[in-house]
Each structure stands twice: as C-alpha cells, then as structure tokens.
1. Within region 47-131, how many lysine pairs that are 8 or more places apart, or on different chains, have C-alpha atoms less than 20 Å apart?
2. Packing-wise, with mean Cβ within 10 Å as the measure, how do 67-75, 83-91 rank, highest first?
3. Which order do Arg111, Arg130, Arg157 take when ranked by solvent-accessible area (1.4 Å probe, heavy atoms of all protein chains), largest first?
4. Of the listed values (1) 7, 21, 18, 14, 12, 10, 7, 5, 3, 2, 1, 1, 0; (2) 9, 33, 39, 16, 2, 0; (3) 8, 29, 32, 23, 8, 0, identify the label whose number matches P(r) over Cα pairs in 10 Å bins from 0, in percent calculated from this model.
5. May I ask you to give the percent of accessible area on region 91-146 that is carbon plus sulfur, with a probe radius of 1.4 Å?
6. So how much slack lies between Thr115 and Arg14, counting 0.36 nm per residue of separation and subtracting their Cα-Cα distance, in nm?
7. Before I look further, what does the chain give for accessible area per residue, probe 1.4 Å, in whole square angstrom?
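The values are calculated or read from the model by the stated rules, or taken from the named source; none is laboratory data. Fair warning: this is a prediction, and the values are worked out from it, not measured in the lab. Cβ coordinates were reconstructed from backbone atoms using ideal geometry, including for glycine residues, and neighbour counts include every protein chain displayed. Calculation scope for accessible area: heavy atoms of the full protein, side chains included, ligands and nucleic acids excluded. Shrake-Rupley method; radii C 1.70, N 1.55, O 1.52, S 1.80 Å.
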Amino acid sequence: SSAENPLEIMAELRDNAGCLSSKWYEEYRIVTDSEKPKIQVAYDTSDSKNGMYYGHGRTATVTVWDRNFNPDAVRWDISGSNQKYQIGNWTREKEKYQCQVRFDEDGKNYRIKVTVEDYAGNQSVWNEDRPFTIDKTPPVVEMKMDITQASNGMYYRKPQEVTFLVQDKNLDISTAALCFENDGRQGKPLHLS
C-alpha cells in the first residue's frame, strides 16, 4: 500500500456454528514507503569572485521531497567559525517541504550538512556544500611617513618612503592593490607584498 491508499484492517471470524463476527480496525493504518527523501540546497547568492568569499549575508533554501517527511527528525550539522546563523520553520506544499538557513554574521568556513528522515525511517544526507566565508568588514589602511623632515608639514627635498599598513582578516596579498589619486589623476596601482 502507499500513503495515498493506506490499508485499513478488517477481521472476520466465523465459528463452527456459523456465527460471524467482523470488526474494522481503522486505528491500524499501514503505509508502505521504501523511498528515500530527496534533498536540494540552493543559495540565494553565488556572486562571489572565487566562490568562497562574500561581502554580504547568504540564505540557503533546503528543499525536501517526500510524501511522509518528518520535520522533527531533521539533524543539522552546520559548521563555521560563527554559530549565529538562523534556521527557519519548515513550510509544506504537497510533497515538497522547505526551510531556510540564514547566514548574516562575519564568519569563516560556513558549511551545511543535513540529514533528513521520513516516518518510515528512510534517511537521506545532503553533504555537497562548499565552505564559504562572510566578511562584511572593509580593510583598514593606515599610511605612515616620517614627517619630521618636511618644511611647512608637506614639502620635502628628497623622495620619502611611505609605509602602508593594511589590516584585514581575509586579505589575499597576491591580488590586493592600493590605488592613489593625485590632483584628480589616478596613479598606477601598487601591489602589496
């Protein structure tokens, strides 16, 4: 039988004298289900330069297709350096169930793994997520120069060494560069080392 046509049990007993007794046992419903739930996880954004770093929050929509899905049996395994994500409530449309997981806070190596189960005990695992990092904090740049040799605070007789200090927890110095503007003219980018 299937979930659409549950089996209801009726028992009949005829004794040697020919008396018949019958009873419906409607409280005993038998549903046979050997299909595993199907799972899909899709993010609302994939606009990262390298697929790993995002300068904004992300929302994952977890979709489960199963006619006997048990939302109470879901096991989440969400990793990342910041555990301040939010898991929403499950919604249902026929055999499709959905839940959203929202990542808003800065954190490294976020990753979703989810195990779902239906009422018949069929289990499926989704473990295909790629780790990602949310970093909404802009880099901090500080410029240092020896201003004791300046006349009137800005004129120098010889070229000065300028040191830039850059602070950022996710900076890739192989692709980072500083650009300068002088009197409205943009200078050539300087690559960091």
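1. 4
2. Working: 67-75: 15.0, 83-91: 12.9.
In descending order of packing, they fall as 67-75, 83-91.
3. On the way: Arg111 70, Arg130 155, Arg157 245 Å².
So the residues, ranked largest to smallest area, are Arg157, Arg130, Arg111.
4. Looking at P(r) over Cα pairs in 10 Å bins from 0, in percent for this model, the match is (1).
5. Working: 1470 of 3380 Å².
Of the solvent-accessible surface of region 91-146, carbon and sulfur hold 43 percent.
6. That works out to 31.4 nm of additional length.
7. So the chain comes to 72 Å² accessible per residue, rounded to a whole number.
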